[in-house]
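The values are calculated or read from the model by the stated rules, or taken from the named source; none is laboratory data. Since this is a predicted model, take the numbers as computed values, not measurements. Ideal geometry is used to build each Cβ from the backbone, glycine not excepted, and the neighbour counts take in all protein chains shown.
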Amino acid sequence: MVRTVEHNGNILAIIIPADFSEDGVRFFTPDQFSQQLAFMKHPKGHEIQPHVHCPVPREVQYIQEVLVIRRGKLRVDFYDGKEYLESRKLGQGDVILLASGGHGFKVLEELEMIEVKQGPYGGEDKVRFTSVCEDKILFKD
């Protein structure tokens, strides 16, 4: 089951578990997101018509990131600004789109992951702050 992390009506993240499967094409993101995330499942012989992407100027307000967990376990902590909200665990094969709000990570088992985001980063793209204390961690499903 695809999980959405929300706070005050804003989507903070979309989590696609490793065992998700659905025939066809399924987009998980609203049209206004600067990063679009989809799952595709097609039968053998299905053809996706060749195409080229045209240059289209776009203005990106917030950097969004996609993480693909190849191996290991990761805790993702979600923040409203710098205020801690909740945490989720990700494992091998899970995918997460970090759409808005703050986030931090703790590696729970040796980790290999792939990150996809708009870039390159400039020096003013993020503000770092202190992580939540371990005794305040609140896991949600």
Can you tell me which of (1) surrounded by fewer than 16 Cβ atoms within 10 Å (Cβ to Cβ); (2) farther than 27 Å from PHE39 by Cβ; (3) modelled with pLDDT of 95 or more is the one VAL132 doesn't meet? (1)
Looking only at residues that are free of Cβ contacts under 8 Å to residues at least 40 places away in the same chain and assigned to a strand (DSSP E or B) in region 94-133, which one is nearest to PHE28 (Cα to Cα)? GLY102
Would you check if LYS82 is surrounded by 15 or more Cβ atoms within 10 Å (Cβ to Cβ) and either modelled with pLDDT of 95 or more or of a type in the set (D, E, K, R) (or both)? no
Restricting attention to region 30-48, report how many residues are among the small types (Gly, Ala, Ser) and closer than 26 Å to VAL60 by Cβ. 2
